[in-house]
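To start, the structure under review is shown below, and the notes come after it.
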Amino acid sequence: MDEGKRKQRRPKVSRFIESRRALYLETLRRTGNHRAAARAAGIDRSTAEQRRKRDAGFALACIAAEAEAAQRLAGARHMFDGVEDARFETVRRGRGGRWQIVATRAGKWSKAMEDDYFDVLRATGNHAAAARAVGVSESLIWQRRRAWPGFRARIEETLDEAELVLELRLSGHGTNVGVGPGGEAPGTVRGQSRDCPPGAEVPFDPEFALRFLRWREEKRRGSGRRGRVPPAPDIAEVTEKIIRKVEAIKRHRGRSGLNGNSL
């Protein structure tokens, strides 16, 4: 093989030109992640590291971009806040404790997995069943709940909807009332884990549904704590509960295609 052909087959080395530098810093300001910034700029990460070592201006710009991203992401209420593609990205602390946006690894918690989790929770009111359905431990759910206010708020919203779904399912249990186009009862969901393969129906547990509804009612009344008498709710609290219930009904109707007279 002559010298000319060997030269043609050599891979081109991407130069760290001004446009790549600008794209690198823009991505770093958004993600706080040097690996993601290098990928977006079309260069090897080592190329950027070498530039930082010999270019003080670029090094200072990187420090400022990292700090900007960390400050913004530290205020995120949810692990998908601020990401451009929640299917493949998530907010997480880096090795130095700095908040950044990183790629979601295969088999790890993702937006799609989270949506599946809440679909099961909405249909069952059961955190353990929802965790099993997406193939994670229930302890991971409580970790997410403690760490992310947005996730915690979504749990409460979904449990409001679960009350409505379970009331409907209990009222139609043993009959074909409310059966959907696929033969399922309102709120039926499909599992995604190895224990509950895709397309398999998550079983409805009427006994658990009754316990769940009783627990929700006791929680609203403030009962279940020995020696404490719950104070009478004020008008603002009552109004808030009514609004939450109405919003849950609207969301459920929107998902189920129910009309205004279906409940």
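General observations
- Residues that are open to solvent by 60 Å² or more (accessible area, probe 1.4 Å) and either modelled with pLDDT under 80 or of a type outside the set (D, E, K, R) (or both) were ranked within region 89-107; the one that is nearest to LEU28 (Cα to Cα) is ALA103.
- The set of residues in region 50-80 that are in a helix (DSSP H, G or I) and of a type outside the set (A, V, I, L, M, F, W, C) comprises GLN50, ARG51, ARG52, LYS53, ARG54, GLY57, GLU66, GLU68, GLN71, ARG72.
- Selected residue (only one of ALA56, ALA86, ALA67 is open to solvent by less than 60 Å² (accessible area, probe 1.4 Å), more than 22 Å from the chain's Cα centre (by Cα) and among the small types (Gly, Ala, Ser)): ALA67
- Contact map, region 35-48: first residue touching a residue at least 12 places away in the same chain (Cβ under 8 Å) and under 13 Å from LEU23 (Cβ atoms), second residue among the basic types (Lys, Arg) and buried (at least 18 other Cβ atoms within 10 Å of the Cβ), Cβ cut-off under 7 Å, separation 6 or more or different chains; pairs are ALA41/ARG20; GLY42/ARG20; ILE43/ARG20.
- Residue match in region 113-120 (condition: among the acidic types (Asp, Glu), modelled with pLDDT of 80 or more and over 21 Å from the mean Cα position of the chain (by Cα)): no
The values are calculated or read from the model by the stated rules, or taken from the named source; none is laboratory data. Values in this document were obtained by computation on a predicted structure and should not be read as measured data. Neighbour counts are summed over all protein chains in view; Cβ atoms, including those assigned to glycine, are modelled from backbone coordinates with ideal geometry. For accessibility, only protein heavy atoms count, side chains too; no ligands or nucleic acids. Shrake-Rupley method; radii C 1.70, N 1.55, O 1.52, S 1.80 Å.
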